[in-house]
Each structure stands twice: as C-alpha cells, then as structure tokens.
Amino acid sequence: MFRIVIDGSLCSGFGDCADLAPDVFELEPNGKALLRFGTSVDPAVLEAAAACPMGAISVVEEGATPPLPRDRESRPSREPGNAALARGRPPGSHTADP
C-alpha cells in the first residue's frame, strides 16, 4: 500500500500524474493535482511521482518492514580489555597509546 501526498505549493499543474495514474490523481479546474485517494496499491503512483517535474508528489510505502538493528553479537562488548585488544595489546596492558 502506498501513501501519497501532494505539496500543493509545488504543484504547477503539468498533469503527468493524472495521465500516468488517473485512478489516483485528477486535475482541479485551476490545473493543480488533486488526490482521488490518499492511498493506493497501484505501483503507477511511483511512476507518477517520479514524473512530476516539480517534485510535488511524495509516495511512502506503508507497512514496509523497518530495517532491523544490527545484531548485538557483532558489536564489540564493553568488557575490560577489549579496547586494548582493538589496539593490538593483550588485556591488562596499561601502556599508553603511541
């Protein structure tokens, strides 16, 4: 499902959106784009947004899975000595960094 937003302050009424996705976009009498529906499953809305010469159309895919956090095991732990190991010294080595 795609959520569509038109920034009316940017729309100049070129009409490409209404040509490419007429089930979703129409033109008002003043020539500005108007949404018939705020959401759609029609992938043509992506092409319509890309075709807008003014960049007035934003499309967000709803229900998209957010990126997963990095695996905790791949992160360095905060155990004493890990910083020394990262610098190439054994744990417990207290010499200053070069």
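With label points built 7 Å along Cα→Cβ from the Cα atoms of GLU47 and ASP19, find their separation and express it in nm.
1.2
With the contact rule set at Cα under 8 Å and sequence spacing of 6 or more, what percent relative contact order holds for segment 2-61?
Averaging sequence separation for qualifying contacts and normalising by length gives 47 percent for segment 2-61.
Based on the Kirkwood radius over alpha-carbon pairs, what is the Stokes-Einstein translational diffusion coefficient of segment 2-61 at 10 °C with 1.306 mPa s viscosity, in µm²/s?
Translational diffusion coefficient: 146 µm²/s.
With the crude spin-label approximation of a point 7 Å out along Cα→Cβ, what separation in nm comes out for LEU27 versus LEU10?
Going from the LEU27 label point to the LEU10 one covers 2.0 nm.
How would you order 52-61, 9-18, 29-38 from highest to lowest mean count of nearby Cβ atoms within 10 Å?
Highest-to-lowest ranking by the protection proxy: 9-18, 52-61, 29-38.
What is the local net charge at ARG36, summed over the other residues whose Cβ is closer than 15 Å to its Cβ (Lys, Arg +1; Asp, Glu -1)?
My count for the surroundings of ARG36 gives -3.
Roughly what would the spin-label model give for PHE37 and SER58, points 7 Å off Cα along C-beta, in nm?
2.2
We did not get these values from a lab; they are worked out from the coordinates using the rules stated. Keep in mind that what you see is a predicted model, and the values were worked out from it rather than measured. With ideal geometry, Cβ positions are generated from the backbone for all residues, glycine too; neighbour counts draw on all protein chains shown.
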